[in-house]
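One structure below.
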Amino acid sequence: MFNPIALLTAHGIEFHTEGKNVQEGWISIQCPLCGDGSDHGGFNLAGGYYNCWRCGGSSTAWVIRHLLNIGYTEAVRTIVEFEGQAVVTRRTREYASRVELPGKAMEPRHRRYLAELNYPRSVIEKYGLLGTGRMGRLAHRIVIPVYFDGTLVAWQCRTIVNGSPKYITSSPEESVLSVKDVLYNVDNCQQRRVIVVEGVTDVWRIGNNCVATFGIGWTTQQALLLAESFDEVHILFDSGENEQVRAKKLETRLTEYGCYAQVGHLESGDPGSMTDVQVATLQRELR
Ligand SMILES: [Zn+2]
C-alpha cells in the first residue's frame with residue numbers, strides 16, 4: 001500500500017497528523033489542486049487515497065503530480081517507490097529511458113494464428129503488433145507494444161505455438177513503466193465509460209473504450225488510473241471464481257475512489273469468446 005507519510009517526508013512537504021480538518025486515520029496537507037489556503041486536503045493512511053474538503057476526491061497520482069510538479073508517469077513511479085515496506089527493503093529497479101521493441105513485421109504464420117483465433121486482420125495495424133523469429137528467448141511470438149500517454153512504455157509477447165509461458169513481459173530494464181502501472185489501450189478510450197478486462201487479447205476482441213489490467217492481479221496504480229480517467233467502469237473478468245473475487249474487489253476499491261463501478265456478467269463466459277454480435281451490443285450499450 002502506498003505510504004503518503006514517507007513520500008511527503010522525503011520531499012519536505014508539510015503535513016499534519018492531528019488538529020483542524022484531520023480525521024482519525026488521515027493526514028492533512030494544503031491541497032495543491034484548488035488554491036487551498038489551509039489544510040483541506042488529506043491522504044487516507046489505510047487506503048492511500050486522497051480527498052479534499054473543498055474540491056473532493058482526486059487520484060493520488062494526480063495529487064502527487066501537482067505537489068511535486070512532475071509529469072504523470074513520474075508521479076506514478078514515485079507512488080510505486082513509496083509503497084509500504086518497499087521504502088525500506090526494496091531496491092528501486094532501474095527502468096529504461098526508452099523501449100526497444102523486439103520483433104519485426106509479422107510473418108504469414110503470425111497472421112494465420114490471429115486468423116485462427118478469429119481476430120480481425122485490422123488488429124495488427126491498430127495495435128502495432130509485430131512478430132518474432134524462430135530463435136532466442138522470444139521465439140515464435142506476437143509482440144504487443146504497450147503505449148501510455150502516446151509513449152511506448154513496455155511490451156508483451158504472446159506465444160503462437162502453445163509455448164510456455166504464454167506471455168513474456170518486458171523486464172524493468174526493458175521498460176519505461178511497469179505494465180502494472182498502466183492500462184492497455186487506455187489511449188484509445190475517449191469516453192468517460194470503460195470496460196476493464198484481464199488481458200490484451202480481450203481488448204482486441206472488444207476494441208475501443210476497453211482497457212486491460214494485464215492479469216486479474218490489478219494494482220493500486222491501475223485502480224487510481226481507472227478512477228482518474230473514467231466516471232463509469234464495467235469490470236468484465238473471466239467467469240472463474242478467483243477472477244470474480246478479484247473483480248469484486250476492484251469494484252469496491254473504485255467505489256471508494258468515488259467512481260461508479262460494476263462487475264458485469266457475460267452469457268458467453270469470457271470476454272475472449274464473445275461473438276461479433278455480442279461485442280457490437282456491448283459497445284452500443286456503452287454509448
Ligand atoms: Zn482541494
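Throughout, read-outs are computed from the coordinates displayed, never taken from laboratory work. The model shown is predicted, which means the values in this text are computed figures rather than measured ones. Backbone-built Cβ (ideal geometry, glycine too); neighbour counts: all protein chains shown.
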Dipole moment magnitude, nearest 20 debye, the chain about Cα centre, only Lys, Arg, Asp, Glu C-beta charged: 980
Charge tally in the Cβ shell below 15 Å around Ser164, where Lys, Arg are +1 and Asp, Glu are -1, Ser164 excluded: +4
Unpaired by the 4.7 Å Cβ criterion, cysteines found in the chain: Cys157, Cys189, Cys210, Cys259
Cβ-defined net charge surrounding Arg109, 14 Å radius [Lys, Arg +1; Asp, Glu -1]: +4
Gaussian network model of the chain, Cα within-10 Å springs - most flexible of Ala139, Ala46, Ala96: Ala46
Whole-Å distance, taken between Cα centres, linking segment 210-237 and segment 2-21: 27
Residues with amide H under 5 Å from that of Glu83, placed H, sequence gap 5 or more: Asn3
Environment charge at Asp238 (Cβ cut-off 13 Å; Lys +1, Arg +1, Asp -1, Glu -1): -3
Cα-Cα P(r), the chain, percent of pairs per 5 Å interval: 1, 5, 11, 15, 17, 15, 13, 10, 6, 4, 2, 1, 0, 0
Largest to smallest principal axis extent of the C-alpha atoms in segment 108-177, angstrom: 32, 27, 16
Euclidean distance of C-alpha centroids, segment 161-185 and segment 269-286, integer Å: 26
Cβ-derived FRET efficiency at R0 25 Å, Met1 paired with Ser38, nearest 0.05: 0.40
Over segment 108-177, relative contact order from alpha-carbon pairs under 8 Å, at least 6 apart, %: 20
Gyration tensor (alpha-carbon) shape descriptor, segment 186-285, a/c threshold 1.5: oblate
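Tell me the mean residue ellipticity at 222 nm calculated for the chain from its helices only (DSSP H runs of n ≥ 4, each -39500 (n - 2.57), averaged over every residue, nearest 500).
The helix contribution divided over the chain gives -8500 deg cm²/dmol.
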Cβ charges +1 (Lys, Arg) and -1 (Asp, Glu), total dipole of segment 186-285, debye: 160
Label-to-label distance, nm, for residues given as Ala96 and His265 (7 Å Cα→Cβ offset): 4.4
For the chain, built as a Gaussian network whose Cα springs stay under 10 Å, the top-fluctuating residue of Gly12, Gly207, Gly41: Gly12
Cross-link reach list, lysines versus Lys20, counting only Cα pairs under 21 Å and skipping chain neighbours closer than eight places: none
Cα gyration tensor shape of segment 149-210, rounded if a/c is under 1.5, else prolate or oblate by comparing a/b with b/c: oblate
Inter-label distance for Met135 and Leu68, nm, one decimal - labels placed 7 Å from Cα along Cα-to-Cβ: 4.3
At R0 = 22 Å, FRET efficiency that the Cβ-Cβ distance of Glu241 and Ala46 yields, to 0.05: 0.25
Student exercise, segment 1-118 dipole from Lys, Arg, Asp, Glu Cβ charges, in Debye to nearest 20: 640
FRET E, pair Glu81, Ser171, Förster distance 22 Å, beta-carbon r, rounded to 0.05: 0.80
